Each structure stands twice: as C-alpha cells, then as structure tokens.
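Right, one structure below, let's go through it.
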Amino acid sequence: MDDRRLGEQIVPYRGFKSFETEHAEFFFGRERIVQNICEALHQSNPLLIIGSSGSGKSSIIKAGLIPILKNDLWNIFPPIKPGSSLLEKLIETFDKFFVSEDDSKQLRKVIHSDQGDLCQIEKFFPDTKKHLLIIDQFEEVFTTLPKNERQHCIKLLAKILAKPPVRLKLLLAMRAEALEVCLQYSTLTQLVQTQTIYIPPLEESEWKQIIEEPAERADYIIQGGLQNEILKDVKP
C-alpha cells in the first residue's frame, strides 16, 4: 500500500493526493454519492460525473466505486485519461481481449473508423461479467486532443447513447469548469441533460467521517476539541 508512515504507524490521510483503489479502507464520507453512481450505472450508459476541481471525483471512482463493483463481479478496465491520444489509449485498454493479429486489426478499425462503434467489440469480452470503461479528466478531450480526434472520440463514445442496454458501460468524469465547452456538442448536451450526476459539497457529518474514521482505522483517537479545529480549517 502506498501509505505515508510515521515510524511504524500508518498515516491514513492522502493530503492533496487522490485516493487509489488500494486506499479504499481509509476512504470515508462519500458513501451516499458512491451509492447514487452505482444505481445510475445500472440505468444509464454512458454516465457523466461532474464536480468542481478538488471535489474528489477521482477518489470517489477509484476508492469508492471500483471496490464495490469488483465485489459485484464487474470487470473494471484501469481508468484512463484522454492525454494526447484517447484513441490509442482505448486500443491499449481493450487489446488484451484481441489475441490474434486479425482481431487486433479489427479493434483498430472499430476505434478509428467513422462507422466504428464500441458495442461492436463486446463479443470479444468474457460474457460472464459486466464491463466498465472509465475516462477520468474527460475535460482533456477539449484541451489536449487535436480537433479531428476530439470530434471522432465524441462521436464514437456518444454512439452508446443510442444503444439498448449493453454489457460495456462507460463512465466519464469531468470538471464542472468544462461544462460550457461540453454544451457546444449536441450529443454531449443530451448526456448532460439526462445522464449526469453532480458531486455535491460535503455536509458537516461527512466532513466528520473523513476526519474521524481513517484515524480510527489506523488506531488513532482524535479528541473532540481537535476535531472542531480541523473542521474550521477544512470547511469552505
């Protein structure tokens, strides 16, 4: 586990770093939104998560959502970020299911073709599980991808909107600051209007969980007075 340590004792707080899946035992305060996302995933595809910068989108996904879905026998692809080429990252993500050279060529054709559809590659997945593709920091689609690839990626991902329930689910996480540019695309506007979960601000009871519960897991005790002082510092 990538924990910071004080002597031999675990320091269970991540500071400005996001929680990863291996830190799930120390992740508290977001149970309500994680449950909402789990329920929405069974009804919506794709699903868009929007939150302000620093709202904990990545932590909610990695340390809250993924452990629950894995226990429910989902296959979770490692979360990806658009970076400089989302198309190549999609190919790398799915490539392990395309064993032969011909199959790999078909995967590239699906991803790069104007007629490509992610639902076309489902037949290569094990049919005993549901599958989840997570694209974190989706706002990078608008800031780092060349225009042609940006338009192609949006078209490719949006095709799932028109499909009946499929085994491949798509979860996009995006900063609220990117909402304006997102609304310049009709398919993404539809997604925002109908299949979006917004990350709410933390309530005081949730702040207390975030402060107290990780400490208790690491065998620390926070005195009441100290908790109140910490709350004053961290609450907006």
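Worth pointing out:
- Approximating the spin labels as points 7 Å out from Cα along Cα→Cβ, the residue 109-to-residue 36 distance works out to 4.3 nm.
- Nearby aspartates and glutamates by direct alpha-carbon distance to residue 208 (threshold 18 angstrom, same-chain neighbours under 8 apart not counted): 25, 31, 216, 219, 229, 233
- Put a plus charge on the Cβ of each Lys and Arg, a minus charge on the Cβ of each Asp and Glu, and nothing anywhere else: the dipole of the stretch 157-236 about its Cα centre is then about 780 debye.
- The stretch 105-183: C-alpha pair distances exceeding 17 Å, %: 53
- With a Förster radius of 35 Å applied to the C-beta separation of residue 222 and residue 80, the computed FRET efficiency comes to 0.40.
- Within the stretch 120-147, backbone nitrogen closer than 18 Å to the virtual label 7 Å beyond the Cα of residue 177 toward Cβ: 136-145
- Bridgeable lysines around residue 109 (alpha carbons under 23 Å apart, same-chain partners fewer than 8 residues away excluded): 81, 89, 96, 123, 147, 155, 159, 163, 169.
- Note that the stretch 38-104 presents 43 Å² accessible area per residue, ligands and nucleic acids not counted, probe 1.4 Å.
- In the chain, Cα pairs under 8 Å separated by at least six residues give a relative contact order of 30 percent.
- Counting charges near residue 205 (Lys, Arg +1; Asp, Glu -1) among other residues having Cβ under 14 Å from its Cβ returns a value of -2.
- For residue 138, neighbours were defined as the other residues whose beta-carbon sits under 13 Å from its Cβ, and their charges (Lys and Arg +1, Asp and Glu -1) total +1.
- Sulfur and carbon atoms: percent of accessible area, the stretch 4-127 [1.4 Å]: 50
- For the chain: Kirkwood Rh in Å [reciprocal of mean 1/r, alpha carbons]: 19.4
- Around residue 156: net Lys/Arg minus Asp/Glu count, Cβ-Cβ under 14 Å: +3
- Gyration tensor analysis over the Cα atoms of the stretch 159-236 returns equivalent ellipsoid semi-axes of 40, 17, 8 Å (largest first, whole Å).
- Anisotropy class of the stretch 156-203 from Cα gyration tensor, a/c 1.5 cut: oblate
- Nearest-20 debye value, the chain charge dipole, Cβ charges on Lys, Arg, Asp, Glu: 700
- Label-to-label distance, nm, for residues given as residue 129 and residue 88 (7 Å Cα→Cβ offset): 2.7
The values are calculated or read from the model by the stated rules, or taken from the named source; none is laboratory data. Not measured: the values here are computed from a predicted model. For neighbour counting, all protein chains shown are included, and Cβ atoms are generated from backbone atoms with ideal geometry for every residue, glycine included. These area figures cover heavy atoms from the full protein model, side chains too; ligands, DNA and RNA do not enter into them. Shrake-Rupley method; radii C 1.70, N 1.55, O 1.52, S 1.80 Å.
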